[in-house]
Amino acid sequence: MASASFVKLNASSSQWIGQRSFNQRPGSSSRSPAARVSVIRAGSYSEELVKTAKTIASPGRGILAIDESNATCGKRLASIGLDNTEANRQAYRQLLLTTPGLGQYISGSILFEETLFQSTTDGKKMVDCLREQNIIPGIKVDKGLVPLPGSNNESWCQGLDGLASRSAEYYNQGARFAKWRTVVSIPCGPSALAVKEAAWGLARYAAISQDNGLVPIVEPEILLDGDHSIDRTLEVAERVWSEVFYYLAENNVMFEGILLKPSMVTPGADHKEKADPETIAKYTLTMLKRRVPPAVPGIMFLSGGQSEMEATLNLHAMNQSPNPWHVSFSYARALQNSVLKAWQGRPENIEAGQKALLTRAKANSLAQLGKYSAEGESDDAKKGMFVKGYTY
């Protein structure tokens, strides 16, 4: 019969979890006659990691994701007729990060590397604009998706090489959490190889991040692409998150010092039947309760191409009763779409763009508290933003 060692999460925690040896997958026999006992620590940053995670997962607040690559940010700018230049990217992100009152609704912001090291046109560091509003700066650390050899036309996420040194540099620049996005495609299987690769990469990244003082956001995005049912999405999500937490434990990741960024459990974008917010909430929370330990401080959902209003309504439905974790948002398109349309790249529209951002941020803050109403939402907020084969 398989033996299991037990692992203490950190020096001050009384919670213990079972951990099998690396060679011992569920149902297999142990290759070692003696159980190993080890203590999970996140090095000298343990207390800081827990504090950072809890601050981000604070009531009524969520994450503003503006970590699009330069190419993807260029697509955003092109939608309003702007060229993809550093000056235009700076102007747009400066508009977002200097919005007065943003910290009331936003607790963290994920930045692209360019923005982390960038200053405003007045010479103030972008990270300082965030800090002044009690918003924690974060950083995208993965290097993007590439084809996974031996799979069913699936992808894997690169970026582990040099991650430790880059993470230390990001920490020194003011970042306190990190994001690594990998994807799982249901129409492509997903294959066992792709799921394992996604889970292992996320676990290695999480361990390296914690070792360098950054709270890792764990994000295996299950893409909306496909005509599958919501039950199929649930099945795949449970399988993916089971694998992810297995490898997080194998890599001695401290669960109190991580955040999750899952997809909501919805039908595929091309499925003939759409699900209402209550159904999506039921399926999503069922999956999370089956797979996510309560030690995890926060669940920060991605919007994944939903309309602004859909993403907010679904979040609201999930907060109609108490959850074991802070259930909130980490939205990009679902916070930015209205902003771009209001701004249009014109200096005289900066205030209008910032007002649009506050409107969406406040709506999602209310949804996190379970108090959102869709009354008065604009037609633009109701428009879906799903793009088939979307790249970030």
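Worth pointing out:
- Rounded accessible area per residue of the stretch 159-214, 1.4 Å, Å²: 32
- Spin-label model distance (nm) - Glu48 vs Ser373, 7 Å beyond Cα toward Cβ: 4.5
- Gln173/Asn84 FRET efficiency (R0 22 Å; Cβ-Cβ; nearest 0.05): 0.40
- Per residue accessible area in Å² of the stretch 293-342, where ligands, DNA and RNA are left out and the probe is 1.4 Å: 23
- Exceeding the 27 Å Cα-Cα cut-off - candidates Lys261/Lys362; Lys143/Lys272; Lys54/Lys179; Lys54/Lys341; Lys75/Lys143: Lys143/Lys272; Lys54/Lys341
- Of the solvent-accessible surface of the stretch 261-360, computed with a 1.4 Å probe over protein heavy atoms with every protein chain present, carbon and sulfur atoms account for 50 percent.
- Tensor-based shape of the stretch 61-202 (alpha-carbon gyration tensor, a/c under 1.5 rounded, otherwise prolate or oblate): prolate
- Dipole in debye (nearest 20) - the stretch 51-181, about Cα centre, beta carbon charges: Lys, Arg +1; Asp, Glu -1: 440
- Environment charge of Arg131, counting only residues whose C-beta is closer than 14 Å and scoring Lys/Arg +1, Asp/Glu -1: +1
- Shape call, the stretch 210-360: gyration tensor on alpha carbons, a/c limit 1.5: oblate
- Ranking of Asp225, Asp122 by solvent-accessible surface, largest first: Asp122, Asp225 (1.4 Å probe, protein heavy atoms only, all chains present).
- Net charge of neighbours whose Cβ lies under 14 Å from the Cβ of Asn84, counting Lys and Arg as +1 and Asp and Glu as -1: 0
- Overall form of the stretch 109-190 per C-alpha gyration tensor (a/c, 1.5; a/b vs b/c): prolate
- Legend: residues Arg239, Arg204, sorted from most to least accessible area (1.4 Å probe; ligands, DNA and RNA excluded), read Arg239, Arg204.
The values are calculated or read from the model by the stated rules, or taken from the named source; none is laboratory data. Given the structure is predicted, the values throughout are model-derived calculations rather than measurements. Here Cβ is always computed from backbone atoms with ideal geometry, including for glycine, and neighbour counts include all displayed protein chains. These area figures cover heavy atoms from the full protein model, side chains too; ligands, DNA and RNA do not enter into them. Shrake-Rupley method; radii C 1.70, N 1.55, O 1.52, S 1.80 Å.
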